[in-house]
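Working notes for the structure below.
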Amino acid sequence: MRISDISDSLLPHAHDLLTLAAKAGAEEAEVFGIASLSYDIDLRRSQVELASHSLHRGLGLRAVVSGAVGFSSSSDMSQLSSVARSAVQSARARGPDPDWRGFPIPERAIKPEGIFDARLADAGAEECLELAESLIEGCSNVPGAEPVSGSLACISGSSFIINSSGLEREETWTLMHASLEAIARGADVSTGSDFIISRSMVASLEEVGRSAARLACSSLGGGKAESGSSVVLLRPQAAAELLENTLIPAILADNIQKGRSSLAGRKGDAVASGDLTIIDDGLLAGGIDSSAFDGEGVPSQRTVLVDGGILQGYLYDSYAAGKEGVHSTGNAVRSGYTGVPRVGARNFVLSSPQSHNLQEDSRGYLVSGLIGAHTANPISGDFSVEARNAFAISPGEEARPIRSLMLAGNIFQLLKDVELDRDVRSVGSIVTPTVKLQMKVVGS
């Protein structure tokens, strides 16, 4: 069973649903469909706890009446009439929306490279189990560490969008992600974790397991940190967690329009270090959120957000763009067929021409992850978080584990003096190296 065959069988139902929506009273309609095949493996300690092979497919309908958008979805193709009626009734209940400008029309789209790997699409149960076992093996080969839990998913999928404006797009893709958490015991106990997410099949996951185990072992025997203002190096995962909850919400056009961003009205202003460039790239080769089109069918593009520290613009979906009379940047994102699209980042890429090995030259703290980043204030940019797997660092000295460390600051102030390392990594849809910031730290 191939994903293209499943998607092809779903597409006629999507056309039927578009017709049913019009009969139910929709003035405009859009159907988003997705089909995916996945092998999922859950690990508990050094054993496979659960292995499953699953098929997911379904359709989501947006129906428009007087500019108001109603939504309904289903995985049951015998319920399409009910889905159409429900979406139209929802739109009517909302009342007219004068800001609605219509669904996207067909435009030329470019297919990004590296988003489909036939080897991953054809991977079977044995290959996936071998990969999962390599996670455990990598961890077990590090003395003093043992696996706690882990997971692996190998997915092939197909997504499509059709609408009443004549747009029809379809794309196949693959994705694999794996993670492992390890524990180490000495005078105390510490944990460490690592992950990989890729559009292509990898030969082995041993290094992911080893990395998690090494982090757990190196975090044993944590000492006390000194409080005050200090240089902090946020490794890619920690940097991504902070950016996702502070900076990214601030450059989304719907937040700008609602007055929920400190960057509103600041286009053309210096908002970061003169060495910092930020690009949102829906066409990034092998990007985790790369696609020829966004969640509404708008062609994906490369959007420069910050260039040399200067704010260049914001991210738009069709609705937010319509309110300002501009074109969408292709930043409508969906979590699946059961939800409506929203404005979001695609592949959010940080870079600098002045990147260098920060750990060799810095005195302060190195932080692998954060706890509580979701509590940051995306409007003001203020945050107070707990560091996970933190280390005190000094040039020429071995990193020393820290028992407890709190970090606080304001992302918009900190970015004015940010520096970037060379260790670029994809953390979901955020592509970032380690970042160097000066912030308040509190040890205990």
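The values are calculated or read from the model by the stated rules, or taken from the named source; none is laboratory data. The structure presented is a predicted model; accordingly, all values stated were derived computationally and were not measured. Virtual Cβ from ideal backbone geometry, glycine too; neighbours counted across all protein chains shown. Each accessible area value is taken on the protein alone, full model and side chains, heavy atoms only, with ligands, DNA and RNA left out. Shrake-Rupley method; radii C 1.70, N 1.55, O 1.52, S 1.80 Å.
For the stretch 292-305, which residues satisfy the criterion of being open to solvent by 10 Å² or more (accessible area, probe 1.4 Å) and assigned to a strand (DSSP E or B)? Within the stretch 292-305, F293, P299, R302, T303, V304 meet the criteria. Hey, any hits in the stretch 366-385 for a residue that's within 14 Å of A238 (Cβ to Cβ), at pLDDT 95 or above, open to solvent by less than 30 Å² (accessible area, probe 1.4 Å) and more than 21 Å from the chain's Cα centre (by Cα)? Checking the stretch 366-385: at least one residue is within 14 Å of A238 (Cβ to Cβ), at pLDDT 95 or above, open to solvent by less than 30 Å² (accessible area, probe 1.4 Å) and more than 21 Å from the chain's Cα centre (by Cα). Pairing residues of the stretch 80-97 that are part of a loop (DSSP other than H, G, I, E, B) with residues that are aliphatic (A, V, I, L, M) and open to solvent by less than 40 Å² (accessible area, probe 1.4 Å), at Cβ distances under 9 Å and at least 6 apart in sequence or on separate chains, gives G95/A68; P96/V65; P96/A68; D97/V64; D97/A68; D97/V69.
Residues checked against (1) of a type outside the set (K, R); (2) in contact with a helix residue (DSSP H, G or I) (Cβ under 7 Å, 6 or more places away or on another chain):
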{"position": "G339", "(1), (2)": "yes, no"}
{"position": "A345", "(1), (2)": "yes, yes"}
{"position": "S351", "(1), (2)": "yes, no"}
{"position": "R363", "(1), (2)": "no, no"}
{"position": "L366", "(1), (2)": "yes, yes"}
{"position": "F383", "(1), (2)": "yes, yes"}
{"position": "L407", "(1), (2)": "yes, no"}
{"position": "I411", "(1), (2)": "yes, yes"}
{"position": "V441", "(1), (2)": "yes, no"}
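Of all residues in the stretch 210-251, those satisfying the criterion of being part of a loop (DSSP other than H, G, I, E, B) and open to solvent by 30 Å² or more (accessible area, probe 1.4 Å) are L220, G221, K224, E226, S227, R235.
Taking the stretch 375-386, which residues are in a strand (DSSP E or B) and in contact with a Ser or Thr (Cβ under 8 Å, 6 or more places away or on another chain)? Selection gives F383, S384, V385, E386.
Give me the residue from the stretch 156-175 that is touching a Leu at 6+ places or on another chain (Cβ under 7 Å) and buried (at least 21 other Cβ atoms within 10 Å of the Cβ) and, out of that set, farthest from G114 (Cα to Cα). Show your work before the answer.
Taking the stretch 156-175 first, the residues touching a Leu at 6+ places or on another chain (Cβ under 7 Å) are 156, 160-162, 164, 174.
Filter again for buried (at least 21 other Cβ atoms within 10 Å of the Cβ), leaving 156, 160-162, 174.
Details: S156: 13, F160: 18, I161: 21, I162: 24, T174: 9 Å.
So the residue we want is I162.
Report every pair of residues separated by at least 6 positions or lying on different chains whose Cβ atoms are under 6 Å apart, first residue within the stretch 6-32 and more than 24 Å from Y319 (Cα to Cα), second crowded, with 21+ Cβ neighbours inside 10 Å and not hydrophobic (A, V, I, L, M, F, W, C). Listed by first residue and then by second, the contacts come to S7/S158; L10/G33.
Among residues belonging to the stretch 400-444 that are in a loop (DSSP other than H, G, I, E, B) and open to solvent by less than 60 Å² (accessible area, probe 1.4 Å), point out the one that is farthest from G372 (Cα to Cα). Spell out the reasoning first.
Restricting attention to the stretch 400-444, the residues satisfying the condition of being in a loop (DSSP other than H, G, I, E, B) are 403-404, 418, 421-424, 428-429, 433-434, 444.
Next cut, open to solvent by less than 60 Å² (accessible area, probe 1.4 Å) only: 404, 418, 421, 428-429, 433-434.
Values: S404: 14, V418: 22, D421: 24, G428: 18, S429: 19, P433: 21, T434: 19 Å.
The residue in question is D421.
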